[in-house]
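> Please find one structure pasted underneath; my questions will follow.
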Amino acid sequence: MNSINTKKILLVDDNPSILEIIRDELCSQINILPAHIFFAYSGNSAIRLIKSGKFFDLIVSDFNMADGDGKDLLDFLVQEKSPAYFIFFTSTLNIQPSEIPSNFLGVIDKPLVEVLTSTVLKAFSKAVNSI
């Protein structure tokens, strides 16, 4: 796998089982999507990862989490002018349209992992074709 074209995906959820399901589904597509997948178990742990210098091409986050929710994470990314694409994968969302940045790809309702996988593949096929 060529590290120059390998994308980095950060999955953020306070439920480890959900993270493993998403990872397994994405990894089943690894021949289409060369990617390194990272986990964070809260919005604040994702923010700490990013502050430590980690760069991610795509961040997929739950909205409702106890230690820093998805909105906290999205606000941080906007403040830092992060170019990372962002998807909420959640059963509930409370966000105003004016708070949505241009790199926000949308909301996918849980538990539709297949829809999430399809959305991630589409996002990265655009990125790979633009290289």
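> Note the full-extension length gain between Ser17 and Arg48 as 0.36 nm times their separation in residues minus their Cα-Cα distance, in nm to one decimal. Please report the intermediate quantities before stating the final value.
Values: separation 31, 0.36 × 31 = 11.16 nm, distance 2.17 nm.
Going from the current span to full extension adds 9.0 nm.
> Taking R0 as 22 Å, what FRET efficiency do you get between Glu25 and Phe55 from their Cβ-Cβ distance, rounded to the nearest 0.05?
Here the calculated transfer efficiency is 0.40.
> Give me the net charge of Ala40's neighbourhood, meaning all other residues with Cβ under 14 Å from the Cβ of Ala40; Lys, Arg count +1, Asp, Glu -1. Intermediate results must be reported in sequence, preceding the final value.
Details: positive: Lys8, Arg23, Arg48, Lys51, Lys54; negative: Asp13, Asp14, Glu20, Asp62, Asp67, Asp69, Asp72.
With Lys, Arg at +1 and Asp, Glu at -1, the neighbours total -2.
> Quote to one decimal, in nm, the extra length available between Ser91 and His36 on full extension: 0.36 nm per residue of separation minus the C-alpha distance between them.
Between Ser91 and His36, full extension yields 17.2 nm more.
Taken together, the values in this text are just the output of simple stated rules run on the coordinates, not laboratory data. A quick note: this is a predicted structure, and the numbers were derived from the prediction, not measured. Please note: Cβ atoms are built from the backbone with ideal geometry, for glycine as well, and neighbour counts cover all protein chains shown.
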